[in-house]
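Below: one structure, written as structure tokens.
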Amino acid sequence: EAGVAQSPRYKIIEKRQSVAFWCNPISGHATLYWYQQILGQGPKLLIQFQNNGVVDDSQLPKDRFSAERLKGVDSTLKIQPAKLEDSAVYLCASTVGPTYEQYFGPGTRLTVT
Amino acid sequence: KNQVEQSPQSLIILEGKNCTLQCNYTVSPFSNLRWYKQDTGRGPVSLTIMTFSENTKSNGRYTATLDADTKQSSLHITASQLSDSASYICVVSAGNDMRFGAGTRLTVKP
């Protein structure tokens with residue numbers, strides 16, 4: 001069974017630039033999560049999708065972050081414009097349902113200079 | 001306020017030794033508690049999941065315990081190997097709400 005795929009693996013941008021991350025969850029997983037993990041900390045939930053609907057985006061900085069999952073499969077997370085404090089690893093996870101085990105992708109390491 | 005506190009923040013042990021990592025939580029109402037292993041540059045991988053009625057669960061050399069009364073969990077690693085070097089993250093769920101600890105960074109030295 002293929003795991004959660006993310007791309008790119010690494011990205012370096014200057015502040016005020018835009019960036020987008022892509023996630024392909026495990027086939028059949030209806031629930032998809034995006035997390036931000038700052039160095040030395042645990043992951044922080046940014047947004048949770050159930051199919052193509054948003055379940056929880058309470059911690060998503062909506063003035064600069066956006067995410068979509070148009071067909072209920074792949075998802076993209078965008079930051080526009082980026083700030084220095086956005087430097088982190090962005091993890092995508094998927095699960096069959098909200099109370100089931102989450103499977104994480106390898107993450108995208110973003111460095112904002 | 002983080003409702004999941006892990007200790008120690010970091011730990012260095014010699015290969016072959018045992019160690020115990022701690023997780024205290026105030027998340028309520030409790031649904032389940034998971035321990036994840038996160039290798040450098042990779043996403044977390046689940047080690048164990050425990051529900052309210054479970055006191056202990058093993059996965060190879062990893063044994064997790066849960067005391068729901070005191071809201072404490074521990075992860076015991078037996079006969080450590082170099083490949084155990086990683087961050088270990090405790091995650092407590094309250095329904096659909098998942099709270100992550102900051103993790104314990106374990107380094108196993110030869």
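Summary table
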| quantity | calculated |
| --- | --- |
| Flag if B:Tyr36 is buried (at least 17 other Cβ atoms within 10 Å of the Cβ) and over 30 Å from A:Gln6 (Cα atoms) | no |
| The lone exception for A:Ser58 - which of (1) without any contact (Cβ under 8 Å) to a residue 60 or more places away in the chain; (2) exposed (fewer than 14 other Cβ atoms within 10 Å of the Cβ); (3) more than 11 Å from chain B (Cβ to nearest Cβ); (4) not β-branched (Val, Ile, Thr) it fails | (3) |
| Flag for A:Glu14 being surrounded by fewer than 22 Cβ atoms within 10 Å (Cβ to Cβ), away from chain B (no Cβ under 14 Å) and not β-branched (Val, Ile, Thr) | yes |
| Meets criteria (within 11 Å of chain A (Cβ to nearest Cβ) and either surrounded by 13 or more Cβ atoms within 10 Å (Cβ to Cβ) or of a type in the set (Val, Ile, Thr) (or both)) for B:Thr63 | no |
| Tabulated pairs, the stretch A:88-103, first more than 10 Å from chain B (Cβ to nearest Cβ), second part of a strand (DSSP E or B) and among the β-branched types (Val, Ile, Thr), C-beta under 7 angstrom, 6+ apart or interchain | A:Tyr90/A:Thr108; A:Ser94/A:Thr31; A:Thr95/A:Thr31 |
| Filter result for B:Ala79 (over 18 Å from A:Glu101 (Cβ atoms), at pLDDT below 95, surrounded by fewer than 20 Cβ atoms within 10 Å (Cβ to Cβ) and away from chain A (no Cβ under 13 Å)) | no |
| Any chance A:Lys44 is over 19 Å from B:Val91 (Cβ atoms), touching a strand residue (DSSP E or B) at 6+ places or on another chain (Cβ under 8 Å) and either within 11 Å of chain B (Cβ to nearest Cβ) or basic (Lys, Arg) (or both) | no |
| Some residue of the stretch A:85-92 being loosely packed, with under 14 Cβ neighbours inside 10 Å and not in a loop (DSSP other than H, G, I, E, B) | yes |
| Failed condition for A:Leu70, given (1) of a type outside the set (Phe, Trp, Tyr); (2) out of contact with any Ser or Thr (no Cβ under 8 Å at 6 or more places or on another chain); (3) touching a residue at least 24 places away in the same chain (Cβ under 8 Å); (4) assigned to a loop (DSSP other than H, G, I, E, B) | (3) |
| Identity of the residue in the stretch A:93-113, more than 10 Å from the chain's Cα centre (by Cα) and outside any loop (DSSP other than H, G, I, E, B), that ends up farthest from A:Ile38 (Cα to Cα) | A:Thr95 |
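The values are calculated or read from the model by the stated rules, or taken from the named source; none is laboratory data. Quick caveat: nothing in here was measured; it's all calculated off a predicted structure. Here Cβ is always computed from backbone atoms with ideal geometry, including for glycine, and neighbour counts include all displayed protein chains.
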